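*Asks:* Take this structure, written in structure tokens, and hold onto it; I'll ask about it next.
The values are calculated or read from the model by the stated rules, or taken from the named source; none is laboratory data. Remember, predicted model here, so these are calculated numbers, not experimental data. Neighbour counts are summed over all protein chains in view; Cβ atoms, including those assigned to glycine, are modelled from backbone coordinates with ideal geometry.
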């Protein structure tokens, strides 16, 4: 229980620190006021109110100043950053992410629309990569240091060196344009055609991940295969594949489980790119558009959702790991 | 004694990297065509003797652009990893040597940095600032701080326990001297091997930002990521795949060479010390 309590405390501290860093970065590095009201942010409203402004006609300027003041109040821009953070955190707690600067839509609606697409893509990518990595790792370990294993080492080294935007472009070119097996862009139809059009993006994300899973699984499996109980099973005359999948595979999954959480972070980064290549309407494409348009609340909300999800996921993987391997709990 | 060899493939990788570095440094004075010259040839021409990598949709020379693209990619990559090493490595050594509250604070800061998916953190920073070469390099450098820092902290912890450090302390050496003369030389070697691996990651990170249109701004700034995204529209890929695929190839070989050379150096210096 003490272990769980300490972990929970750390989780809360990290979540607060992550949200605070993200929030202050957005607030201090840029000028949110400029993003809401544009050039009006440059107005020297104090001077205009005092009647000392040099050239502008007083009427137009003072109505502009009202706009600026209203925007300041609406987005709490008149408060200090720590205070603004607390207000924002309070809104966040009740699911209010603010309003998009660009099209007065509530950000939560944007998230609700875009998040499922990205989630589906991430889940598919993990399934694809595990689906490739497990058989690949098993065969490589079974044939350790023979031709297949050597070849697969080279192949995974190569796969890990392809930037995912390059891999996406190559797969798009070969599988969608040259051989026309998969559609070249996202299809928003019924669920099956959506799934089908997501195969290529999932493959783009999943292949390098499969390569790194395969490396880990192979190493762990080779160690496990030298355990006494595996020799025992072999001596009993069990078929090799049964030994592999029933006896050796499960205790060899620790490393893969460990990097599962971290790799999701890589996948999220990759999904920004893949969504752009294949035109998937997920949060990755949304954040890039929002950055280009200086849509501050949308950028902040997506960064926060992603960071929070990532922290929580790693927390869960941590717990899962300590449940799988009780030695972790005491250290 | 066993002689360790780096092998011919290692030197091939180094030769490629040296070539790329040379091209990046001297691209403006090499006999290349002007990379921004529109209609150097016809639009989307296939590779020929005049334009080795063909021309893009605006008729610009893809070969010259790819060579010039090495400038931003390698400059950002090199600067970012240097920044990560300096800040992350320094903090890691201090945290590992002094332990206590400093260690806990630094570790927590690293943990928070690592809690953002890397590309998302990069977007957060580049979203708010003017995207100049310095800002993009610094952004990717910040991404490198936490992983490098954790590594240097871990190896400092190991060396700080060793006898020669204890001996220096008994002799009355100050903290500064112990860190600079005893710890630093030992920690730098394993980190130096990781510089190439880290640079590979930084080059890819810059490419990713460029691909999203969030790297160094300006029409005359050419980078591999930007070339690849420009050439990967469906019409370009369909009719003139070389526009995207040549920069992909050059970038892939460069990243592969960095990874390979880094991995070899790491193995080379991974000496299992004898236990006396």
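Table: residues versus (1) at pLDDT 85 or above; (2) surrounded by 15 or more Cβ atoms within 10 Å (Cβ to Cβ).
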site	(1), (2)
B:170	yes, no
B:204	yes, yes
B:209	yes, yes
B:212	yes, yes
B:231	no, yes
B:237	no, yes
B:241	no, yes
B:255	yes, yes
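*Asks:* Could you list all residues from the stretch B:230-248 that are within 24 Å of residue B:118 (Cα to Cα) and more than 7 Å from chain A (Cβ to nearest Cβ)?
*Replies:* Hits for the stretch B:230-248 are B:230, B:247.
*Asks:* Related question: Here is a check on your reading of the model: is residue A:258 at pLDDT 85 or above, more than 14 Å from the chain's Cα centre (by Cα) and part of a helix (DSSP H, G or I)?
*Replies:* Details: at pLDDT 85 or above: no; more than 14 Å from the chain's Cα centre (by Cα): yes; part of a helix (DSSP H, G or I): yes.
Considered against the rule, which asks whether it is at pLDDT 85 or above, more than 14 Å from the chain's Cα centre (by Cα) and part of a helix (DSSP H, G or I), residue A:258 comes out as no.
*Asks:* Still on this model: Under 9 Å between Cβ atoms, at least 6 apart or on separate chains: pull out the pairs that start in the stretch A:248-267 with a residue that is over 15 Å from residue A:210 (Cα atoms) and within 14 Å of chain B (Cβ to nearest Cβ) and end on any residue that is modelled with pLDDT under 80 and surrounded by fewer than 16 Cβ atoms within 10 Å (Cβ to Cβ).
*Replies:* Every condition considered, no pair remains.
*Asks:* Separate question: Taking the condition under 26 Å from residue B:251 (Cβ atoms) and more than 20 Å from the chain's Cα centre (by Cα), does residue A:175 pass?
*Replies:* yes
*Asks:* I've got another one for you. Exactly one of these conditions fails for residue B:214: (1) more than 11 Å from every other protein chain (Cβ to nearest Cβ); (2) under 26 Å from residue B:110 (Cα atoms); (3) touching a residue at least 40 places away in the same chain (Cβ under 8 Å). Give me its number.
*Replies:* Among (1) more than 11 Å from every other protein chain (Cβ to nearest Cβ); (2) under 26 Å from residue B:110 (Cα atoms); (3) touching a residue at least 40 places away in the same chain (Cβ under 8 Å), residue B:214 violates only (1).
*Asks:* A further question on this structure: What do you reckon, is residue A:125 in a helix (DSSP H, G or I) and outside the structural domain of residue A:249 (by TED's automatic domain parsing)?
*Replies:* Considered against the rule, which asks whether it is in a helix (DSSP H, G or I) and outside the structural domain of residue A:249 (by TED's automatic domain parsing), residue A:125 comes out as no.
*Asks:* Further question: Just give me the residues in the stretch B:1-26 being at pLDDT below 80 and under 22 Å from the mean Cα position of the chain (by Cα), in sequence order.
*Replies:* To start, the set of residues in the stretch B:1-26 that are at pLDDT below 80 comprises B:1-6.
Residue satisfying the conditions is B:6 alone.
*Asks:* Further question on the same structure: Of the residues B:77, B:88, B:92, B:84, which is surrounded by 23 or more Cβ atoms within 10 Å (Cβ to Cβ), under 24 Å from the mean Cα position of the chain (by Cα) and either within 14 Å of chain A (Cβ to nearest Cβ) or under 17 Å from residue B:216 (Cα atoms) (or both)? Reasoning before the result, please.
*Replies:* Working: B:88 fails: either within 14 Å of chain A (Cβ to nearest Cβ) or under 17 Å from residue B:216 (Cα atoms) (or both); B:92 fails: either within 14 Å of chain A (Cβ to nearest Cβ) or under 17 Å from residue B:216 (Cα atoms) (or both); B:84 fails: either within 14 Å of chain A (Cβ to nearest Cβ) or under 17 Å from residue B:216 (Cα atoms) (or both).
Every option except B:77 fails the conditions.
*Asks:* Counting only residues that are within 11 Å of chain A (Cβ to nearest Cβ) and in contact with a helix residue (DSSP H, G or I) (Cβ under 6 Å, 6 or more places away or on another chain), which one in the stretch B:124-151 is nearest to residue A:7 (Cα to Cα)?
*Replies:* B:143
*Asks:* Only one of B:196, B:134 is free of Cβ contacts under 8 Å to residues at least 24 places away in the same chain, part of a helix (DSSP H, G or I) and over 30 Å from residue A:315 (Cα atoms); which?
*Replies:* B:134
*Asks:* If you go through the stretch A:288-303, how many residues are under 16 Å from the mean Cα position of the chain (by Cα) and facing chain B (nearest Cβ under 10 Å)?
*Replies:* Total satisfying the criteria: 5.
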